[in-house]
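The values are calculated or read from the model by the stated rules, or taken from the named source; none is laboratory data. Keep in mind that what you see is a predicted model, and the values were worked out from it rather than measured. In this analysis, Cβ positions are derived from the backbone assuming ideal geometry, glycine residues included, and neighbour counts consider all displayed protein chains.
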Amino acid sequence: MSVRKIKNSYISCVGYFKSYKNNKQLAFESILERDFFMLLEFNKDVVSFEEQPLKIKYKLKAKNTRYTPDVLVTYKDDSKKIFEVKYQSDIDSDPKLQHKISVLKEEIARQMSLPFETFTDAQIDQIYFKNCVFLYKSAFISENKAISTKILEAINKISEPIAIKSFVELLAANQTEQLQTLPYLWHEIFKEPSLINMHTKITMSSLILKGKTHE
């Protein structure tokens, strides 16, 4: 649970991100935080993540102060990591912020024995990110077990890569059925992104790669 309530602001962009992985809404204080949440959803090593998770007391230039990290990430190996989310330009242009980040890295390691990292917009692969956004639109689609089972069975029989358009045409006899099937195919790819190349723009010509799914 967040230890600090995020308030509305006319300066920063605040809102809520509906998390599939955490099965709840998470508050964000900037567009970059929201984008970071999106990328964490697609990181297979990440089990869960939490916004504004805790507070620590520390000294900055001999003054007592408090710090609330942006995100605490928990990984499959049970390790945890704290992230501060900042725009790279803000870090580059602000020596005081650079010093604060350096101090926090030492303090969090000393007080909590946790690694501390900054996440910046410079780390985002834009094509990969846009593909994540596209697939995430299908994350919360209503269940249709018959269509999903048909898709999974067909994917598991693939012996060589096949274009999404061709795959859907094999599954559905007419355009109406194809349009009904496609959102569920996107949903299965959302759950198993390794089925396609996430580093090229997703189109109907994108190839579904051979291999077993998460079934």
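Count of the range 179-202 residues, restricted to those that are without any contact (Cβ under 8 Å) to a residue 12 or more places away in the chain and surrounded by 16 or more Cβ atoms within 10 Å (Cβ to Cβ), is 0. I'm trying to understand the selection: among the residues of the range 62-80, which are in contact (Cβ under 8 Å) with a residue 12 or more places away in the chain and among the basic types (K, R)? Hits for the range 62-80 are K76, K80.
The set of residues in the range 43-65 that are assigned to a loop (DSSP other than H, G, I, E, B), modelled with pLDDT of 95 or more and either crowded, with 19+ Cβ neighbours inside 10 Å or among the basic types (K, R) (or both) contains only K44.
Somewhere in the range 135-158, is a residue surrounded by fewer than 16 Cβ atoms within 10 Å (Cβ to Cβ), of a type in the set (D, E) and not assigned by TED's automatic domain parsing to the domain that holds E41? Within the range 135-158, one or more residues are surrounded by fewer than 16 Cβ atoms within 10 Å (Cβ to Cβ), of a type in the set (D, E) and not assigned by TED's automatic domain parsing to the domain that holds E41. Being within 25 Å of I141 (Cα to Cα) and not assigned by TED's automatic domain parsing to the domain that holds F190 narrows it down to one of V46, V71, so name that one. Checking each option against the conditions leaves just V46.
Okay, residues lined up against (1) of a type in the set (K, R); (2) at pLDDT below 95; (3) not in a helix (DSSP H, G or I):
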position: I91; (1), (2), (3): no, no, no
position: E117; (1), (2), (3): no, no, yes
position: A139; (1), (2), (3): no, no, yes
position: E160; (1), (2), (3): no, yes, yes
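In the range 128-139, is there at least one residue being within 30 Å of P53 (Cα to Cα) and without any contact (Cβ under 8 Å) to a residue 60 or more places away in the chain? Within the range 128-139, one or more residues are within 30 Å of P53 (Cα to Cα) and without any contact (Cβ under 8 Å) to a residue 60 or more places away in the chain. Among residues of the range 93-115 being in contact with a strand residue (DSSP E or B) (Cβ under 9 Å, 6 or more places away or on another chain) and outside any helix (DSSP H, G or I), the one that is nearest to M38 (Cα to Cα) is P115. Output the number of residues of the range 162-203 satisfying the condition of being assigned to a helix (DSSP H, G or I) and more than 15 Å from V133 (Cβ to Cβ). Result for the range 162-203: 23. Scoring V103 on the criteria (1) β-branched (V, I, T); (2) surrounded by 14 or more Cβ atoms within 10 Å (Cβ to Cβ); (3) outside the structural domain of L40 (by TED's automatic domain parsing) leaves a single failure, condition (3). Against the list (1) in contact (Cβ under 8 Å) with a residue 12 or more places away in the chain; (2) over 20 Å from S30 (Cβ atoms), the condition E50 fails is (2).
Listed here are the residues, each with its yes/no results for (1) more than 26 Å from the chain's Cα centre (by Cα); (2) aliphatic (A, V, I, L, M); (3) at positive phi.
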| site | (1), (2), (3) |
| --- | --- |
| N144 | no, no, no |
| Q180 | yes, no, no |
| L185 | no, yes, no |
| E188 | no, no, no |
